[in-house]
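Data block below; observations after.
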Amino acid sequence: MPEPGRPPPPRDSVEWEGRSLLKALVRQAALRGERVHVLGCEVSEEEFREGFDPGTNSRLVYHDLFRDPLNWSNTGEALPGGPLGVLRAMCRRTGPGPVTIALDSLSWLLLHLPCTTLCQTLHALSRQDSCPDNSSPVEHVRVLGLLHEELHGPGPVEALSTLAQIEVTLSGTGDQASAHILYRRPQHRPTHKIQWFTILPDFSLDLQGGSPPKSQPHPDPHTHPVDPTTHLTFNLHLSKKEKEAKDSLTLPFQFSSEKQQALLCRGLGQATSHIFYEPDAYDDLDQEDPDDDLDI
């Protein structure tokens, strides 16, 4: 998988779920000694913590939006301000040290928040380390977001992709899962890598190797190349017979040797050309010179 300092946001599908990979990345962050904030929207806190060791669970701060997201029960347990309030509260935190924020999931947030608002808030989360306040030291913030790609159109997916430095799309064959990783680095061309892996019961990653990074001319690996010559109404290339016919054709504006000989060697008995004009009865014929008053 990518280097520990840059955990990727997984993008899953119906065939290949991405929550297990998200939990594996959360476990790696906890083992590095980072504080991990989890915004849980789709599963309960008990289900998300299941399978983690006590050391990992002790470093998790779970913000539960799954149990009562709209505070219908009026128990006071609902998070103030809803999902947007929780994200903005994370933007205003002042604790020291590196922090990993896991969003489970971006798809749920997209269904409850405008796409532009969500993108602006995620951008503010990722920029905390570059713009800290005066009372807190510089922090490194990593944001992990799980996205169910098949639930959204290309517009929101593309907007969220532009915010990610590393993008992971899950696929595979049989029981073997693979991660198609797209690296985006400032002032560098995006690179693409395929990593085969297995997630163990304790949510540790067993890597089976992968292809070396390859340069990507386009930032989106899911964009299929389009052939611009598919629906043309003319041929871009000529066959051999068509080239021969084109070369043997004399264009009307070309002054060839044959035309020159025809003009210079005109015979005495050759008929000359005349133009006959018969005026129409309704033509306005003025016999006077129109320029007579100019004294030319």
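The values are calculated or read from the model by the stated rules, or taken from the named source; none is laboratory data. A quick note: this is a predicted structure, and the numbers were derived from the prediction, not measured. Quick reminder, even Gly has a Cβ in these numbers, built from the backbone with ideal geometry, and neighbours come from all protein chains shown. Calculation scope for accessible area: heavy atoms of the full protein, side chains included, ligands and nucleic acids excluded. Shrake-Rupley method; radii C 1.70, N 1.55, O 1.52, S 1.80 Å.
Let's see how each residue does on (1) modelled with pLDDT under 80; (2) in a helix (DSSP H, G or I); (3) farther than 30 Å from G155 by Cα:
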| site | (1), (2), (3) |
| --- | --- |
| T223 | yes, no, no |
| D227 | yes, no, no |
| A245 | no, yes, yes |
| T250 | yes, no, yes |
| F253 | yes, no, yes |
| E258 | yes, yes, yes |
| Q261 | yes, yes, yes |
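Does any residue of segment 124-142 turn out to be touching a Cys at 6+ places or on another chain (Cβ under 8 Å), modelled with pLDDT under 80 and not acidic (D, E)? Break it down stepwise before answering.
Within segment 124-142, the subset touching a Cys at 6+ places or on another chain (Cβ under 8 Å) is 124-125, 128.
Still in the running and modelled with pLDDT under 80: 125, 128.
Filter once more, keeping what is not acidic (D, E): 125, 128.
Looking for residues that are touching a Cys at 6+ places or on another chain (Cβ under 8 Å), modelled with pLDDT under 80 and not acidic (D, E), one finds at least one in segment 124-142, hence yes.
For segment 66-81, indicate whether the set of residues that are modelled with pLDDT under 85, within 23 Å of H123 (Cβ to Cβ), open to solvent by less than 20 Å² (accessible area, probe 1.4 Å) and not β-branched (V, I, T) is non-empty.
No - not one qualifying residue is present in segment 66-81.
Assess whether E15 counts as being part of a helix (DSSP H, G or I), open to solvent by 60 Å² or more (accessible area, probe 1.4 Å) and either at pLDDT below 90 or of a type in the set (D, E) (or both). Break it down into steps so the answer makes sense when it comes.
Values: part of a helix (DSSP H, G or I): no; open to solvent by 60 Å² or more (accessible area, probe 1.4 Å): yes; either at pLDDT below 90 or of a type in the set (D, E) (or both): yes.
No.
So which residues in segment 21-49 are open to solvent by 30 Å² or more (accessible area, probe 1.4 Å) and either assigned to a helix (DSSP H, G or I) or closer than 24 Å to S171 by Cα (or both), if there are any at all?
Of everything in segment 21-49, those that are open to solvent by 30 Å² or more (accessible area, probe 1.4 Å) and either assigned to a helix (DSSP H, G or I) or closer than 24 Å to S171 by Cα (or both) turn out to be R27, Q28, L31, E42, E45, E46, E47, R49.
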